[in-house]
Amino acid sequence: MAYNVSVFVSHSWSYSEHYERLSGWIFNEPWYADGTPINFFNTSVPREDPIHYAPNDTALQTAIFERLKVSNVIVVPTGMYSTHSKWIGKELKGARLHGKKIVAVNPWGQERKSSVVQSVAHETVGWNKNSVINAVWRSRS
């Protein structure tokens, strides 16, 4: 038996290093809860696998909302770019629409943080692998 948790990592493609680090922590390592394996499934839209079939912004938003709908938890870096990103804003809206918990992650050494992300987050953690995983696990409902 294993626990299955679907995770959507929100990000700006201009700052994809945050996505790469977070997804590496979450999806590329074995994790356990009380000795039982946790299978984290990636429902994100990474740069190397974009949604090609969406002919316009409305169709793209619908496709992203479908991924959010099947996700257990949304992880969002709090970099200031999140405040100004049209798509991160839409992802936050979709997460709220579908009743998904949001884990905000403060990037390492980041002095300023997005108040837009922090205001909707259920939990905010630092740039630490174990902190992120524990927050995702707590927020999986």
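Structure notes:
- Residue 71 meets each of the listed conditions (1) hydroxyl-bearing (Ser, Thr, Tyr); (2) more than 14 Å from residue 139 (Cα to Cα); (3) modelled with pLDDT of 95 or more apart from (2).
- Residue 117 passes every criterion in (1) modelled with pLDDT under 95; (2) in contact with a strand residue (DSSP E or B) (Cβ under 9 Å, 6 or more places away or on another chain); (3) within 15 Å of residue 132 (Cα to Cα) apart from (3).
- Residue count for region 1-39, restricted to those that are within 16 Å of residue 68 (Cβ to Cβ), among the aromatic types (Phe, Trp, Tyr) and in a strand (DSSP E or B): 1.
- Any chance residue 139 is surrounded by 16 or more Cβ atoms within 10 Å (Cβ to Cβ) and under 13 Å from the mean Cα position of the chain (by Cα): yes
- The numbered conditions (1) modelled with pLDDT of 95 or more; (2) over 25 Å from residue 31 (Cβ atoms) are all true for residue 112 except (1).
The values are calculated or read from the model by the stated rules, or taken from the named source; none is laboratory data. Just so it is clear, the structure is predicted and the values come from calculations on it, not from any experiment. Here Cβ is always computed from backbone atoms with ideal geometry, including for glycine, and neighbour counts include all displayed protein chains.
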